[in-house]
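The values are calculated or read from the model by the stated rules, or taken from the named source; none is laboratory data. Not measured: the values here are computed from a predicted model. Every residue, glycine as well, gets a Cβ built from its backbone with ideal geometry; the counts of neighbours run over all protein chains shown. Accessible surface areas use protein heavy atoms only, side chains included; no ligands, DNA or RNA. Shrake-Rupley method; radii C 1.70, N 1.55, O 1.52, S 1.80 Å.
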Amino acid sequence: MDRLQQTSLALGPASGRFDCHVVEPGRAVPSLEEDVREGLLFAPRSLPPKYFYDARGSVLFDRICETPEYYPTRTEDALLARCADAVIAEARPDHVIELGSGASRKTRHLLDAVERAGLRHCRYWPFDVCEPMLREAGERLLARHPWLRIDALVGDYLAGLDGLPRPEGRRLFVFLGSTIGNFEPQQARDFLAGLAACMGGRDSLLLGADRVKDPSVLEAAYNDAAGITADFNLNLLRVLNRELAADFELGAFRHRAVYDPSLQRIEMHLVSTCDQVVKFGHLGESLRLEAEEPILTEISRKFTRGSVDQLLHDAGLTAFAHHEPENGYFSLIHAQLSRVCHKHPL
Ligand code: AVJ
């Protein structure tokens with residue numbers, strides 16, 4: 001706690017039950033400018049997916065989740081509603097710490113289960129980059145749970161977890177949405193190993209992971225008929241135009257999302273539809289693209305029970321419960337440190 005710097009107290013009706021802390025980065029993360037210089041100016045071109053989520057991109061992502069094709073969010077939500085009591089019985093948490101909590105929509109199932117289990121001393125620690133979002137989501141949860149205390153954490157979990165608080169008691173870490181699938185294998189392993197390094201013997205991790213399935217189902221999920229995923233992908237160019245004074249013409253690119261069965265991942269690209277030159281006003285650089293040249297904007301890895309167990313294992317974690325729907329579309333994996341794994345009690 002001493003490494004956290006307290007920013008301000010909420011003044012709403014929930015005053016006194018909501019605190020906000022800044023988590024200092026453990027290491028420097030590249031800026032957008034650096035990512036563009038490293039990833040975009042030379043082929044093969046790519047950008048990290050985190051830049052999708054400006055205000056407009058976050059709204060578009062919410063709308064993706066409403067499309068009939070994009071099953072992961074609603075599948076995970078329904079699964080969590082079903083298994084939350086089991087997870088809470090397994091973890092018996094004093095603290096729920098969620099990385100990338102966003103609007104904390106799915107987490108409400110866990111907090112409902114905490115309430116049903118009578119663990120009303122349990123605190124919720126949502127961790128996200130966006131402070132207004134944390135406050136808004138916090139107010140909603142506090143209204144739903146009059147016993148709840150929230151310690152919101154503002155920061156970038158990609159900058160390392162060294163700055164995370166280590167409150168006394170059993171901690172349930174939560175990383176949902178299959179965001180782990182957006183990392184390359186090495187990055188995913190390092191990230192989970194970093195999380196494992198924050199965990200003690202009685203702590204556990206609940207990880208959401210999307211599963212390998214019929215490629216037509218996967219490709220439809222990233223090519224919705226209403227074109228919202230395409231807008232979401234193209235919005236990245238708007239971010240570059242705004243942040244780096246670039247002059248991307250959105251009409252000169254098209255969205256492409258294809259499943260690669262050998263790598264078990266969706267690859268999302270922006271494809272240049274013509275030979276073109278794009279200028280970056282703030283960088284003094286230009287980007288020459290040929291017709292059909294792709295920019296990789298996101299990978300979304302899909303897992304089998306075996307591959308996600310292996311990933312956890314490589315990070316020093318062992319799955320002790322694996323929750324999935326009947327169709328096996330999604331997994332919620334409950335894991336603990338391998339070196340203390342006695343298949344709970346934690
Ligand atoms: C929820 C961030 C994991 O990879 O499925 C949705 C993002 N990209 N449609 C995913 C996303 C295109 C998403 N994550």
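Laid out as a table, the results:
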| item | result |
| --- | --- |
| Among the candidates 54, 94, residue that is more than 12 Å from the ligand (Cβ to nearest atom) and in contact with a Cys (Cβ under 8 Å, 6 or more places away or on another chain) | 94 |
| Positions within region 24-48 being acidic (Asp, Glu) and open to solvent by 40 Å² or more (accessible area, probe 1.4 Å), in sequence order | 24, 33, 34, 38 |
| Of residues in region 141-177 being closer than 14 Å to residue 191 by Cα and not in a loop (DSSP other than H, G, I, E, B), the one nearest to the chain's Cα centre (by Cα) | 175 |
| Odd one out for residue 218 among (1) open to solvent by less than 60 Å² (accessible area, probe 1.4 Å); (2) part of a strand (DSSP E or B) | (2) |
| Residue that is nearest to the ligand (Cβ to nearest atom), among those in region 63-77 that are in contact (Cβ under 8 Å) with a residue 12 or more places away in the chain and open to solvent by 60 Å² or more (accessible area, probe 1.4 Å) | 63 |
| Every residue from region 221-253 that is away from the ligand (no atom under 15 Å from the Cβ) and either basic (Lys, Arg) or part of a helix (DSSP H, G or I) (or both) | 237, 238, 240, 241, 242, 243, 244, 250, 251, 252 |
| Unique match (being assigned by TED's automatic domain parsing to the domain that holds residue 317, within 16 Å of the ligand (Cβ to nearest atom) and either closer than 29 Å to residue 16 by Cβ or in contact (Cβ under 8 Å) with a residue 60 or more places away in the chain (or both)) among 114, 154, 129 | 129 |
| Qualifying residue in region 184-205 (condition: under 18 Å from residue 151 (Cβ atoms), touching a Ser or Thr at 6+ places or on another chain (Cβ under 7 Å) and either away from the ligand (no atom under 15 Å from the Cβ) or of a type outside the set (Asp, Glu) (or both)) | no |
| Hits in region 33-62 - residues which are among the β-branched types (Val, Ile, Thr) and either in contact with a helix residue (DSSP H, G or I) (Cβ under 7 Å, 6 or more places away or on another chain) or in contact (Cβ under 8 Å) with a residue 12 or more places away in the chain (or both) | 36 |
| Qualifying residue in region 310-324 (condition: buried (at least 16 other Cβ atoms within 10 Å of the Cβ), outside the structural domain of residue 267 (by TED's automatic domain parsing), within 16 Å of the ligand (Cβ to nearest atom) and not acidic (Asp, Glu)) | yes |
| Failed item, numbered, when residue 209 is tested on (1) within 16 Å of the ligand (Cβ to nearest atom); (2) surrounded by fewer than 18 Cβ atoms within 10 Å (Cβ to Cβ) | (2) |
| Selection status of residue 90, under 30 Å from residue 290 (Cα atoms) and in a helix (DSSP H, G or I) | no |
